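What follows is a short report on a single structure.
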4 protein chains.
Amino acid sequence: MAEQQFASDNYAGICPEAFEAMQAANAGHAPAYGADSWTQAAADGFRRLFETDCEVFFVFNGTAANSLALASLCQSYHSVICADSAHVETDECGAPEFFSNGSKLLTAATEDGKLTPDLVRAIAGKRSDIHFPKPRAVTLTQATETGRVYTPEEIAAISAVCRAAGLRLHMDGARFANACASLDAAPAELTWKAGVDVLCFGGTKNGMAVGEAVIFFDRRLAEDFDYRCKQAGQLASKMRYLSAPWVGMLESGAWLGNARHANACARRLVQGIADVPAVSLAAPVEANGVFLNLPAAVQEALRARGWQFYGFIGGASRFMFAWDSDPARVDALARDIRLCAMPAAA
Amino acid sequence: MAEQQFASDNYAGICPEAFEAMQAANAGHAPAYGADSWTQAAADGFRRLFETDCEVFFVFNGTAANSLALASLCQSYHSVICADSAHVETDECGAPEFFSNGSKLLTAATEDGKLTPDLVRAIAGKRSDIHFPKPRAVTLTQATETGRVYTPEEIAAISAVCRAAGLRLHMDGARFANACASLDAAPAELTWKAGVDVLCFGGTKNGMAVGEAVIFFDRRLAEDFDYRCKQAGQLASKMRYLSAPWVGMLESGAWLGNARHANACARRLVQGIADVPAVSLAAPVEANGVFLNLPAAVQEALRARGWQFYGFIGGASRFMFAWDSDPARVDALARDIRLCAMPAAA
Amino acid sequence: MAEQQFASDNYAGICPEAFEAMQAANAGHAPAYGADSWTQAAADGFRRLFETDCEVFFVFNGTAANSLALASLCQSYHSVICADSAHVETDECGAPEFFSNGSKLLTAATEDGKLTPDLVRAIAGKRSDIHFPKPRAVTLTQATETGRVYTPEEIAAISAVCRAAGLRLHMDGARFANACASLDAAPAELTWKAGVDVLCFGGTKNGMAVGEAVIFFDRRLAEDFDYRCKQAGQLASKMRYLSAPWVGMLESGAWLGNARHANACARRLVQGIADVPAVSLAAPVEANGVFLNLPAAVQEALRARGWQFYGFIGGASRFMFAWDSDPARVDALARDIRLCAMPAAA
Amino acid sequence: MAEQQFASDNYAGICPEAFEAMQAANAGHAPAYGADSWTQAAADGFRRLFETDCEVFFVFNGTAANSLALASLCQSYHSVICADSAHVETDECGAPEFFSNGSKLLTAATEDGKLTPDLVRAIAGKRSDIHFPKPRAVTLTQATETGRVYTPEEIAAISAVCRAAGLRLHMDGARFANACASLDAAPAELTWKAGVDVLCFGGTKNGMAVGEAVIFFDRRLAEDFDYRCKQAGQLASKMRYLSAPWVGMLESGAWLGNARHANACARRLVQGIADVPAVSLAAPVEANGVFLNLPAAVQEALRARGWQFYGFIGGASRFMFAWDSDPARVDALARDIRLCAMPAAA
């Protein structure tokens, strides 16, 4: 087994809590398509976690979760407001447009990947003629692609603009657990209490094999969503293998523990290089990613030492931490960054 | 754990060979989106199994596999010829039409769920004006929804009609392994050697948790298929969990062993009730399903004894067997059918 | 100019009332996209004709009108119940599926192209699981492809089934005027008073160049329909040329006069051949089409004499009459049918 | 009749040459769906005009023409490179995404609405991973939304980049005639000789009621395009009314004469205000539009005098001229701009 890299939080495997639940679920026969007891338990677990009687659906991945959720909020001639660095815009290969049969994404130029009430208002108000798709939804990424989080107050402020403008509010929570951990906030505080209509809660980056939960806080929006999932190839026949891991994650608290660990690793790296003068943070570290401004020579030297990482928006070098990131290996990375950036000091 | 039912082969769990491979894959980190070694090994395994340099993609379920494959053969204004009882027509909630943005399914009325050269020719030749979607593909289900199989010769005869009419040939192989086992035929014989362009090889019903393989024998048809999967929400980030089980299935031969077992259970049931006069086969038993003509009173009596099964096409009662069906339980079912059908004899 | 044929009512040109209005509209400049006075007048004309405050949109042709209207009633995972001979099923090249991104048409086998309450109920009730598209709308063709009409009572009976089953009711009125003429019924009687939600009122077959009106009696269903038209390439910039002809047709009464004339020509043909023993009606003649059972030799002889006509459903020979069909030419056709069918008598 | 405004070139009516041809076509019966002699003559006329054996289709409007053409070049997971001010991006309500079922538009930030080889190369080369739609086509607007034209050399340079990058080249020619007139260039020089694969030739803004021609120079790209048009609701049954006006336009040369007149009116306005110090051109005037930087007070004063015009990209005021713009009225506008901008001088 190769040494851990921090290029992506998708490189990690399945955490023990999820794996053991999947193993437990693998006993004998069970009804298909979600009529099994694991799926019921997982949905109930989410309702307890969110302290509300929400509707819960399990789909295979985040791209599908986001696209299906947005398609349920829009018609093809509507549009969705998002940050220019949002995953739906930059890394889903046009999936939102495909699932919705054409809904356009309207991107806001942001510095840090975070929408603001002003940005939403400006885009929503820019056009009101039928020659341009009518804004119908806003999507926030929590935490953002650049590792930032929205506070409950920030979400509520955006939600207020949405209500006034007839927009629905979707949250891409591929790293929702990391945001909860970062803010030490209850899931309800970051979602329906702040005005979120539908959340895609990410399981894959949180320690599962596959599977995201689509959670409707406004149950009317979930009408026929099961048909939508089925038609779009997102209804698992052996659903228990998607849902049981969630039971393991929710009952054990691993969903939060995993996220805390990943976030802590990110902070650990930051602390380890805080005094290296040639290196600066490209973005505040609020979740499980660290974005560094590294001189080209430092990048090259790190790669020569075997480290893998992506160049990201604006040229920053991205390091992502997962539920199982090894602190010793984080320290090794910090040490190498220091060495590469301060060769004389070494 | 409840007693085994034979209502669906989706009720079974993950077989040991698949589970152990998944467990083995769950060691440390691995590159995402299919760049891992398990995915490479699984694709190579299929190339060995099919004795040809095919292109292999892994998606989440059969609905998606079929729909993506058909969409890659068609434009929206094209049509697909299928049997009236084909899964794509009856049980995918319009997924083929959704993924292709409108390709119409043209159904042939069949007695046994099997297309024939004449049926294909008749439908393909019925209309040639632009007011009706142009036929562009044929899809065969192997084995069919009613448990029938196509011989290599039958497939080749249909393929000849396809070539002559400019149609491409797709095979829905949700139960492809059962067909191989039934015919004792090599996978290559039932596919590209007989003229099949693309096969969806089912893993779920064969003993896996999720995951079907889409196999293009004509590699040109696979152009940009990876983009198609990504956009449609069918690219797993932690791909190893979809591919590793295939490695386990292919290397151990469980893919075939599982199918043989399931088929044998079906035959076992048939033998167990062969001499019950009130019960007849609604269809020859060639794969892992048994379709029985049961008098209403017998159905009722069986249900009263706790047996679950579906009423199917034409009123037949369907019993499906899986990789782990318990022969003793099959015998119990046979015994109960006998009892219910011949109360006097009991 | 060649002699008139009766192969299609699309062969006719623009009637004087429509042409003159278009000519009158072609004076100087006018606001685009429907903000002109002709479009306002045409919409008001429809509101007067239907005696209700309906929403009216003008699109280019019948295929688009039907597809856009159905798409506004359905999501992609819904289905639409129609007769097996309905134009949306047989002659629109998959347009309903394309515009709706996959809504399936569920066809009822009918003898005469007419749906009945029982047929609708049977199809609507056949499946209620998520593996099959959920029925959401019914579409009636008035008059049908085979020249039959629905009485207000028949429509109301179907509408009652729709209400009970949560289905919306669409009417394909490519030949709506012919139905009004045939039944001597007010447009309101055949639509909203009988429970129709949305009507596509055909202009082309009624004597216009292009242009159908989509009329929503339930205004809530028309929400954002203008965006839908625009996105689908169905918003005319110089809208006055689509709407002005309607002003001419409605104000002059030509919409009804044209239909009466066409219907009368159909009856005239029937009367002219009533006593020819070898020839029978394949369907009662209620609108502007005549469907004849003609022996093959008679068909051949007619074609040899220069007559053009289509073989239609069930082998019947179709003759269609338009606003400008020449009675003398109808008589000539009758005479030739008689001659060909009764050579000895000639 | 109100006095002429220059807010849009869509406000003008049908020019005599188009109207007379439509009137001539309105004689008796004609085969439907393009099998008539007018449609044949119009297509032949385009082949003569372009000096090549191109494939020609007639559709209802520019939004549909562009979207259908682009959809024929792309799959849903592909993308199209365009200028940020392109009509397909800003004024077609997501039609390209709808017709293609999701193809994304990748916009280049341009100063003047014109793409360049460098811009195309930069966008085409930015991403090559499957998480982003693969660039497959480039669309140029000739003349652009801001009244600029591409020279044959500029088009050829872009085409060379396209060939190298596997991109097809589409031209949105809603004002193609204006570009030909402006450059005094043969249509062939501006299209296939410079590497354009498919052109949408605009009829509406050129003096027709409805109707654009989609012209494929690479006939292989036109495969089944007739089905595509039919399914998308863009096949006129009475096609002669779309095609006959083209015959009138092409045979009389009105297509070019109309454009020359409109362009001349634009230049006339520019000359009339050349010495007004407070007013400057926001863009060079190369076609039939004039974009002026007008102080807010001047705009207000002009509107108070009854002039209508749109605020456009970057705050410029847009004035558009049509085939029938009245030179005296252009002079009146020039006079009023002068008056409003130089009240003291008045």
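Points worth noting:
- Number of residues in the range A:138-173 that are in contact with a strand residue (DSSP E or B) (Cβ under 7 Å, 6 or more places away or on another chain) and on the phi > 0 side of the Ramachandran plot equals 1.
- Test result for A:Ser85, open to solvent by 10 Å² or more (accessible area, probe 1.4 Å), under 22 Å from C:Arg228 (Cβ atoms) and not in a strand (DSSP E or B): no
- Looking across the range D:97-108, the residues that are of a type outside the set (A, V, I, L, M) and in a strand (DSSP E or B) come down to D:Lys104, D:Thr107.
- Each residue in the range A:40-55 was checked for being crowded, with 20+ Cβ neighbours inside 10 Å and in contact with a Lys or Arg (Cβ under 8 Å, 6 or more places away or on another chain), and 2 of them qualify.
- For the range D:19-37, the criterion of being within 11 Å of chain C (Cβ to nearest Cβ) and touching a strand residue (DSSP E or B) at 6+ places or on another chain (Cβ under 8 Å) is satisfied by no residue at all.
- Within the range A:329-341, the residues that satisfy the criterion of being under 26 Å from the mean Cα position of the chain (by Cα) and among the aliphatic types (A, V, I, L, M) are A:Val330, A:Leu333, A:Ala334.
- Within the range B:137-163, the set of residues being in contact (Cβ under 8 Å) with a residue 60 or more places away in the chain and in contact with a Phe, Trp or Tyr (Cβ under 9 Å, 6 or more places away or on another chain) comprises B:Ala143, B:Thr144, B:Glu145, B:Thr146, B:Gly147.
- Residue among B:Tyr77, B:Tyr33 that is farther than 22 Å from B:Arg175 by Cα and touching a Lys or Arg at 6+ places or on another chain (Cβ under 6 Å): B:Tyr77
- Residue count, the range B:1-55 (criterion: part of a loop (DSSP other than H, G, I, E, B), over 21 Å from the mean Cα position of the chain (by Cα) and farther than 29 Å from B:Asp197 by Cβ): 11
- Take the conditions (1) open to solvent by 30 Å² or more (accessible area, probe 1.4 Å); (2) within 11 Å of another protein chain (Cβ to nearest Cβ); B:Val270 misses just one of them, which is (2).
- Exclusive hit being in contact with a strand residue (DSSP E or B) (Cβ under 7 Å, 6 or more places away or on another chain) and under 20 Å from C:Val59 (Cα atoms), set D:Val80, D:Val59: D:Val59
- Selected residue (criterion: modelled with the lowest pLDDT) from residues of the range D:275-293 that are closer than 23 Å to D:Gln142 by Cα and open to solvent by less than 40 Å² (accessible area, probe 1.4 Å): D:Ala283
- The listed residue being polar (S, T, N, Q) and open to solvent by less than 10 Å² (accessible area, probe 1.4 Å), out of C:Ser72, C:Ser67, C:Ser37: C:Ser67
- Residues within the range D:301-338 that are assigned to a helix (DSSP H, G or I) and at pLDDT below 95, tallied: 3
- Of the listed requirements (1) assigned by TED's automatic domain parsing to the domain that holds A:Tyr150; (2) open to solvent by 50 Å² or more (accessible area, probe 1.4 Å), A:Ala296 misses just one: (1).
- Just one of the listed residues (D:Leu169, D:Leu250, D:Leu183) is under 16 Å from the mean Cα position of the chain (by Cα) and over 20 Å from D:Asn66 (Cβ atoms), and it is D:Leu183.
The values are calculated or read from the model by the stated rules, or taken from the named source; none is laboratory data. All values derive from a computational prediction rather than experimental measurement. Methodologically, a virtual Cβ is constructed for each residue, glycine included, from the backbone with ideal geometry; neighbour enumeration extends over all protein chains shown. The accessibility values were calculated without ligands, DNA or RNA, using every heavy atom of the protein model including side chains. Shrake-Rupley method; radii C 1.70, N 1.55, O 1.52, S 1.80 Å.
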